[in-house]
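Read-outs: derived from the displayed coordinates by stated rules, not from any lab. No experiment lies behind these values; they were computed from the predicted model shown. Note: ideal-geometry Cβ built from the backbone for every residue, glycine included; neighbour counts use all protein chains shown.
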Amino acid sequence: MFGVCILLACDVVGVDTRPILGSVAIFGLALSFGSQNLVRDFVNGFFVIVENQYAVGDWVKIGEHEGEVEQINIRSTRLRSVTGALQIIPNGTISTVENMTRDWSSFRCHVGVSYDANIDLVERICNEVGAEMYVDPELKDLLAEAPAFVGVTQLADSAVVVRSAARTQAGAQWGLEREMYRRLKKAFGEAGIEIPLPQRVVWHRNRATG
């Protein structure tokens, strides 16, 4: 109301109010667009909190951002990446969320063995290593099941790739995966099963000279 009175007074004394009105219109349009983003942030933030999509301490992936949730508020979410970088994500930009530490987790180990390796022996060793981990007092509470041989997943150029997997307690999958790789490396070495390096076979043919 006060602004309208000022504009009317300027018009009475002969001041051209068209530039003022134009500036006010542009400002109002900019404010309108800005408020749309702000409203979207608040609406998305409301559903994130109400639906409990993730909580402080969870490890999540939001779009291209991944890290531990440090703070959630109605406007934005803050993640701490593995490198220590703080990532501030407006809630209005969040479309999909991967929560890697909710309820339960799992890990998968992929190991390449030589084409000469006995796959039945490889399967037995994978299952034995998994069973040993499952009864280990330091690990059994982190595992929901014994890691087990899943099968051959790829016939690669230099190796036959096999997979072992297990379901774990939420957030324990990374440490258990590293431990599984360590034990498999040791067990395969003791059994004489080669984990081959990438290699290429080159055939050389001499042309007959005449």
*Scan Val97, Val111 and give me the residue that is touching a residue at least 60 places away in the same chain (Cβ under 8 Å), in contact with a Phe, Trp or Tyr (Cβ under 8 Å, 6 or more places away or on another chain) and surrounded by 14 or more Cβ atoms within 10 Å (Cβ to Cβ).*
Val111
*Sort out which residues of the range 47-86 are touching a Gly at 6+ places or on another chain (Cβ under 6 Å) and of a type in the set (S, T, N, Q), and write them in order of number.*
Ser81
